1. Quick one: ranking 76, 118 by accessible area, 1.4 Å probe, largest first, what do you get?
2. Could you quote the convex hull projected area for the range 302-353, Cα atoms only and averaged over all directions, in nm²?
3. Can you tell me the length gained on complete extension of the stretch residue 53 to residue 360, counting 0.36 nm per residue apart and subtracting the Cα distance?
4. As a test question: what accessible area, to the nearest 10 Å², does residue 382 have when a 1.4 Å probe is rolled over all protein chains in place?
5. Provide the per residue accessible area, probe 1.4 Å, for the range 164-243, rounded to a whole number of square angstrom.
6. For the range 21-132, what % of the accessible area comes from carbon and sulfur atoms, probe 1.4 Å?
7. Project the alpha carbons of the range 233-274 onto their principal axes and report the range along each, largest first, in whole Å.
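The values are calculated or read from the model by the stated rules, or taken from the named source; none is laboratory data. Note that the structure is predicted; figures quoted are calculated from it, not measured. In case anyone asks, the SASA skips ligands and DNA or RNA and just uses the protein heavy atoms, side chains included. Shrake-Rupley method; radii C 1.70, N 1.55, O 1.52, S 1.80 Å.
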Amino acid sequence: MPAGFTGPLCVLLLALGALAAPAARALPTTAFLSHYWRRPLVLGGPGRPHWPAFETALSAQACGQCHIAQYRAWRMSRHAQAMGPGVIGQLAAAGLRHWRFVDSCLSCHAPAGRQGRMVRAYLRGGALATLARQGVSCADCHVRLYQRFGPPLALYLAAGRAIHNGFTPRRGFLQSRFCISCHQFHRNGRRLDGVLLENTYNEWRHSPYAAAHITCQSCHMRNGQHSFRGIHNPRFVRRALAIHLRFAPRTATGDLRARLSITNTGVGHDFPTYTTPQVRIAIWQSCPGRVCPKSVRTAIIGRRISLDLRHQYYDTRLPPDTTRVIPYRVPQNPAARALNAAIVVYPDAAYVRFFRAYLARYHVPPRARTAIREALAHDERSAYLLWQKRLAVPGAQPRPGAYRLPGARDVRTHQQVHTRRAP
């Protein structure tokens, strides 16, 4: 869950003097996983095995020569982008003089000791080596001391196939605890309003999904896929929500009334988890060729905090199996032809806020500024239209072709509609 990490907030905290210590992360509770995820990860060993050079390099491309489907899925995933330009730019801005901060970021974005040494060389002015640039790659999850680990593969092992000179199957790879060291703050970590800033594992643990043994891997790695789908994937998100827009009885004063309901039917933790994404909802009446004046009503689902992590503005997220109802009650415009509703997801909303503020407030070295600008441009384009619906207003005279539904195919239009708040 690279978009769920604290990295994009840390440099600003460093500049503000608010970062006293790296965020404490939870450790898995089983003996194997606690040892397996001890930082920094040790991928290699004192002596190299008798393997081809491309294998001992431990790059994702090397693994992809045999594990083709897994490599192709990983390459498009958020894990592969864990060391994207936003993180690289922040690390370059911090530099070696703030290595403790850099190392705390790397503990999830590039957690192997070998990757840390590569980043240190980069901060001295060199190029960033491939393994470090690959972020959370194959070896970070599957290799320790050149030994390969993975989930039990009963059929594969029963066939008598020799894997990597001694592949070690472990059931821990199938448990939600496997993800905890990067997707859950320690119980002593930073909290706002009593809730840890990163609390994904605990959200799942207290949900019906944990009781039903539906793990993180059940959804985010369905059938062993390595795409790690999440908030950035529209189809994945849409399948996890039930959304309905219905008219309510009209009032004696002539108000147009409706109810938009959103139910978390398939997300095993709060929707959305962490503080980064924002889900924006808009409901409005459409008049011929325009949005009816003073008809827009908006709502937000998410958890918004201040950039210094000291204040929480709101937390309107949806725990599993809960519903949010957005009521609409606005005087009907005489020219209104339809009631429209749209939901747009901004997966990187907090990052956009941070990058804009950081570039505006501080002097950033050229190499770091270039990378952060690239990240900002990317995150500003990550929004997508999740859902929309149009209901004809009862009794309205249809005028085919007289107007176009705002937001039907254009997220930017929805952004404009969303800002037209009623007084």
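1. On the way: 76 145, 118 45 Å².
Ranked from most to least accessible, the order is 76, 118.
2. Working: hull surface 24.3 nm².
Mean shadow area of the hull around the Cα atoms is 6.1 nm².
3. Details: separation 307, 0.36 × 307 = 110.52 nm, distance 4.56 nm.
Difference between extended and current length: 106.0 nm.
4. 20
5. Numbers: 4340 Å² over 80 residues.
Per-residue value: 54 Å².
6. Values: 3180 of 5410 Å².
That fraction is 59 percent.
7. Principal axes ranked by extent give 42, 20, 14 Å for the Cα atoms.
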